[in-house]
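Presented below is the structure to which this report refers.
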Amino acid sequence: METLDQWRTTLEETLQYYAELSCAKGNVETYVMVSRDGNHFLLMHEGWQGNRRIHGIVVHAEIRDGKIWIHYDGIEGSITEELVTAGVPKERIVLAFHPPYVREHTGYAVA
């Protein structure tokens, strides 16, 4: 369980780092959201760029069955590489945005 708690902390701290980066255009806020059970992590943008509404998820990660599932990764450099650098083994990360038949070729967990 200690490892899962460490991963929760790593996910939240990594997303918080990105949330604190200033948005270059418009009046856009970036938020980190963590579910009450501490197993879903979201990074999202909300605001306006001129007359254009900005509202969307940048990252969605979940801790499920002892692994980190990356459902969506919209960070340019990839949150996945940051998790590996922070010590999360590749076999404990599922790139859920790929279909299962592709995952087996990624070097990460299939499920």
In nanometres, the difference between 0.36 nm per residue of separation and the alpha-carbon distance of Leu21 and His55 is 10.6 nm
Here the relative contact order (percent) of the chain, from C-alpha pairs under 8 Å and at least 6 apart, is 17 percent
Tilt of helix 2-20 relative to the longest C-alpha principal axis of the chain, in degrees (0 to 90, nearest 10)?
-> 20 degrees
For peptides 93-102, 59-68, 29-38, 11-20, sequence by mean Cβ density within 10 Å, most packed first | 59-68, 11-20, 93-102, 29-38
For percent of Cα pairs over 23 Å apart, the listed values are [x] 30; [y] 49; [z] 23; which was obtained by calculation from the structure presented?
-> [x]
Give, rounded to the nearest 20 debye, the magnitude of the charge dipole that the chain has about its Cα centre when Lys and Arg contribute +1 at Cβ and Asp and Glu contribute -1 at Cβ.
-> 360 debye
Could you run the Karplus curve 6.51 cos²θ - 1.76 cosθ + 1.60 with θ = phi - 60° over segment 92-106 and give me ³J(HN,Hα) per residue in whole Hz, x for Gly and Pro?
-> 10, 10, 10, 8, 5, 6, 9, x, x, 6, 8, 4, 5, 9, 8
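Every read-out reported here was derived from the displayed coordinates using simple, explicitly stated rules and does not represent laboratory data. In this text the structure is predicted, and so the values were computed from the model without any measurement. Quick reminder, even Gly has a Cβ in these numbers, built from the backbone with ideal geometry, and neighbours come from all protein chains shown.
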